[in-house]
Amino acid sequence: MRFVSLVAVLFVAPAACAQPAVPAAEPYKAAVAELEALVRREVDDKKLPAVSVALVDDQKVVWAAGFGFADRGKKTPATAETVYRVGSVSKLFTDVAVMQLVEDGKLDLDAPVAKYVPDFKPAYRDGQKEVTLRMLMAHRSGLVREPPVGNYFDPTEPSLEKSVASLNGIAPVYDPGSRTKYSNAAVGLVGYVLQKSQGEKFETHVQRRVLDPLGMASSSFVATPAVKKHLADALMWTYHGREFPARRSNSVSPRPGACTRPYSTVLDLAKFQSCLFAGGKVGGKQLLKPETIAEMFRPQFAKDGQRGFGLGFIVGDLDGRKRVGHGGAIYGFATEFALLPAEKLGVVVVASRDVSNAVTTRIADDALRLMLAAKAGKPLPKLDAPERLAPQEIAALVGRYRGGERHLDLTESFGRLFVQSDRGGPVVQLRKLGKELVVDDVQGWGTRIVAEGDTLTLGKAAYTKEKPRTDAPPEVPAKWRGLIGEYGWDHNTLYVYERDGKLHALIEWTEVDPLTEESDDVFAFPADRGMYHGEKLVFTRDKTGRATKVTAASVVFERRKIDGEGGETFQIKPIKPLDDLRKLALAATPPEEKGEFLKPDLVDLATIDGVKFDIRYATDNNFLGKPFYSSAKAFMQKPAAAALARVQAAVKQRGYGLIVYDAYRPWYVTKMFWDATPEKLHNFVADPSQGSRHNRGCAVDLGLYDRKTGKVVEMVSGYDEMTDRAFPDYPGTTSRQRWHRDLLLRAMAAEGFSVYEEEWWHYDYKDWRKYPILNKTFEELAGK
């Protein structure tokens, strides 16, 4: 599970329709109506493909339902029977299996783990305690978060034995027992203790001793055919706006992470809650003793004895009541398993959008509040419903706010306001709730910020707005250039980039970590926060100083090859010969359009003083490697060209000029692009059946040049680079490159242009819908 404390850090779904599996029971009908409204809003607003919820009152499920679609392609509704990957919630079943053996006298929580796994040999330092099961289960072992083999990133299928063996020779990050450090490697070791000590495969043992007795018939630690049949699709996403399907395991055998990666339904997990409320009884049989459950619910190493990790369970409070549970986050799925032991009320929420844990936790907590009121016969609490900020409100708030050595950045992206702390953590959306700003995001909920004039107040800390920077940030140190880039896999990419004069890591898609330089090749994750606190990144360079890989938190990430990263033009191989495609395109007809359009009035952009040109499609220096235009011209509709002239005047005052790569594009060229480009890259080219904004003379591809040197300004990617780096919100590379990209964006937006969501260089003029699709060549335009 991923743990993010917003207070510590800062401080495409359709309309959802409930698919009830268990109708609401009294006295909860009114509470369920309120909860359904909340879930529907969250599904729509946070783009959650599917959500399933179950409410538990002691031995009864009092409501269970699904929202959205388990399979969006087939429009299969999500229900309470939909199967999800529930991530780290499964650690609880591993811990229950251990406690059963503790009750039987077969395991000792406080004996060194080496008693059961003699071949477990971490690099203990002198005077360190040996790791015990209690430490592992309460996340006090000090072990690294992930094992080098069989970790969260690992796409291979190594054995559990190999995963545990990969921990040998690695020193604990902290002295065992001294500090909380959440560790998936630790729970993998707990699972291996079960397997080794009982002479039975981990997944077989837990299925036989825990899941089957609980009656969890739809739950498994392996992806059986039955599991796959009912498994929801899940969605991954990036900060820069790309969405893609979550990776699925094709194996029907357990992986090293099986201890933390099972499959289940909300109804099955509700059965587990009822067992806990019954003091460990299931159908008259004792799964666990009441005193064992009480020990699991007791914080093991907390000084106040009120909050922290129990044995597996996370112990906290909800409005003064003891709250026990666990969350789960794994490749497109987010789970919250929460219960109030004294009141015997519980809730399970699962969603199929990556790291949407703030949403599942919010739904769970509000569900418990509603249930408490309904059960007590009291008025239902009013649930918060933040509002979107208006464009003018966002514009007034955007900026950097400083408070002493700390700062917050408020940024706008496609009509939404986001906040990011200098300390890292998640980048989260802000909305307004009454007179306050509130974090309302898939990754965060509820943190309040008071905005008064140029001051933000977060808790007791005040931040004052700074004047925006007028000059470009400096170049990064030469020794860092070889480290900046992307590492790892398509399904989970590590970004190393520079921000505010420090290297940063963006890991697991959403956690931003400022790094501390310890030497030229060794950097440390933050010491006091984040998933990988206390761990390091060690780079390996080639003879040129360019990193070939980075070992981050004991996991090896190979550098990813990005076409165009070295300054060369990004190119693809056409899927069909271009000469053949040209003949077909010239013979084809643009789509017929209905309605009234303005009369085209295309203007040659060469009439704008100071604009430079590099018309790539008139040369072979483009993504397909052949010329498409017979002359190097650029045209736009007259109002758009006038607006572009005003942009040129504005950037001139900052010492820059515009360089145009393309503008009006005949429709037949758009068709050639589409037909030549592989389907997986179609998001970077326009669909000819719809026509392009370039075809209407209202789109322009451009960058900046330095008026003093005449050189093109280096941006985050090259022109027409069909990679993530092309997105206008791509967070990587350097502060200087991003500053120039954002300078261009602000200048264009001020004159009515909007940037295309996947290309920083592509801008559309506001009136593009008013003009028809055109197919005239440049020569035909010149001869008009």
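Of Arg741, Arg736, Arg746, all but one fail to be open to solvent by less than 20 Å² (accessible area, probe 1.4 Å), among the basic types (Lys, Arg) and part of a helix (DSSP H, G or I); the exception is Arg741.
Just checking, which of Gly191, Gly199 is modelled with pLDDT of 95 or more, within 17 Å of Val98 (Cα to Cα) and crowded, with 24+ Cβ neighbours inside 10 Å? First the steps, then the outcome.
Details: Gly199 fails: crowded, with 24+ Cβ neighbours inside 10 Å.
Step by step, each of Gly191, Gly199 is checked, and only Gly191 is modelled with pLDDT of 95 or more, within 17 Å of Val98 (Cα to Cα) and crowded, with 24+ Cβ neighbours inside 10 Å.
Does Arg616 count as among the basic types (Lys, Arg) and buried (at least 16 other Cβ atoms within 10 Å of the Cβ)? Break it down stepwise before answering.
Numbers: among the basic types (Lys, Arg): yes; buried (at least 16 other Cβ atoms within 10 Å of the Cβ): yes.
Spelling it out, Arg616 is indeed among the basic types (Lys, Arg) and buried (at least 16 other Cβ atoms within 10 Å of the Cβ).
Restricting Gly459, Gly501, Gly482 to those that are open to solvent by 60 Å² or more (accessible area, probe 1.4 Å), of a type in the set (Gly, Ala, Ser) and farther than 23 Å from Gly328 by Cα reduces the list to Gly459. Candidates Arg85, Arg72: the one that is within 20 Å of Leu211 (Cα to Cα) and within 25 Å of the chain's Cα centre (by Cα) is Arg85.
For (1) open to solvent by less than 60 Å² (accessible area, probe 1.4 Å); (2) among the hydrophobic types (A, V, I, L, M, F, W, C); (3) touching an Asp or Glu at 6+ places or on another chain (Cβ under 9 Å), each residue gets a yes or a no:
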| residue | (1), (2), (3) |
| --- | --- |
| Phe120 | yes, yes, no |
| Tyr124 | no, no, yes |
| Lys129 | no, no, yes |
| Arg134 | yes, no, yes |
| His139 | yes, no, no |
| Arg145 | yes, no, yes |
| Gly150 | yes, no, yes |
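Taking the range 150-166 as the range and being in a loop (DSSP other than H, G, I, E, B) and of a type outside the set (D, E, K, R) as the test, the residues that pass are Gly150, Asn151, Tyr152, Phe153, Pro155, Thr156, Pro158, Ser159, Ser166.
For the range 763-784, a residue qualifies if it is of a type outside the set (A, V, I, L, M), assigned to a loop (DSSP other than H, G, I, E, B) and open to solvent by 20 Å² or more (accessible area, probe 1.4 Å), and the qualifying residues are Lys766, Asp767, Pro772, Asn775, Lys776, Thr777, Gly783, Lys784. Would you tally the residues in the range 560-578 being open to solvent by 40 Å² or more (accessible area, probe 1.4 Å) and either of a type in the set (Val, Ile, Thr) or over 23 Å from Tyr617 (Cα atoms) (or both)? Residues flagged as open to solvent by 40 Å² or more (accessible area, probe 1.4 Å) and either of a type in the set (Val, Ile, Thr) or over 23 Å from Tyr617 (Cα atoms) (or both) within the range 560-578 amount to 4.
For the range 328-445, please list each of the strands (runs of 3 or more DSSP E) lying entirely inside it that holds at least 1 residues being more than 25 Å from the chain's Cα centre (by Cα), surrounded by fewer than 19 Cβ atoms within 10 Å (Cβ to Cβ) and among the small types (Gly, Ala, Ser). Walk me through it before giving the result.
On the way: elements: 333-340, 345-351, 399-403, 406-413, 416-421, 428-433, 436-441.
Where strands (runs of 3 or more DSSP E) fall fully within the range 328-445 and carry at least 1 residues being more than 25 Å from the chain's Cα centre (by Cα), surrounded by fewer than 19 Cβ atoms within 10 Å (Cβ to Cβ) and among the small types (Gly, Ala, Ser), they are 399-403.
Scanning the range 489-532 for residues that are of a type in the set (S, T, N, Q), in contact with an Asp or Glu (Cβ under 7 Å, 6 or more places away or on another chain) and in a loop (DSSP other than H, G, I, E, B) yields a single hit, Asn492. Within the bounds of the range 579-595, is there any residue that is modelled with pLDDT of 95 or more and under 27 Å from Arg741 (Cα atoms)? The answer is no, given that none of the residues of the range 579-595 is modelled with pLDDT of 95 or more and under 27 Å from Arg741 (Cα atoms). Of all the criteria given as (1) out of contact with any Asp or Glu (no Cβ under 8 Å at 6 or more places or on another chain); (2) farther than 21 Å from Thr569 by Cα; (3) crowded, with 22+ Cβ neighbours inside 10 Å, the one not satisfied by Trp760 is (2).
Across the range 202-248, the qualifying residues are those that are of a type in the set (Lys, Arg) and in contact with a helix residue (DSSP H, G or I) (Cβ under 9 Å, 6 or more places away or on another chain), and the one among them that is most open to solvent (accessible area, probe 1.4 Å) is Arg248.
On the stretch given as the range 579-598, residues that are in a helix (DSSP H, G or I), open to solvent by less than 100 Å² (accessible area, probe 1.4 Å) and within 18 Å of Thr677 (Cβ to Cβ) total 5. Restricting Gly177, Gly169, Gly188 to those that are outside any loop (DSSP other than H, G, I, E, B) and of a type outside the set (S, T, N, Q) reduces the list to Gly188.
Screening Val12, Val32 for residues that are farther than 30 Å from Ala186 by Cα and either surrounded by 16 or more Cβ atoms within 10 Å (Cβ to Cβ) or at pLDDT 50 or above (or both) leaves exactly one candidate, Val32.
Which one of these is in contact with a Leu (Cβ under 9 Å, 6 or more places away or on another chain) and under 22 Å from Asp354 (Cβ atoms): Val428, Val450?
Details: Val450 fails: under 22 Å from Asp354 (Cβ atoms).
Step by step, each of Val428, Val450 is checked, and only Val428 is in contact with a Leu (Cβ under 9 Å, 6 or more places away or on another chain) and under 22 Å from Asp354 (Cβ atoms).
The values are calculated or read from the model by the stated rules, or taken from the named source; none is laboratory data. Given the structure is predicted, the values throughout are model-derived calculations rather than measurements. We place every Cβ from the backbone using ideal geometry, glycine too, and count neighbours over all the protein chains shown. Accessible surface areas use protein heavy atoms only, side chains included; no ligands, DNA or RNA. Shrake-Rupley method; radii C 1.70, N 1.55, O 1.52, S 1.80 Å.
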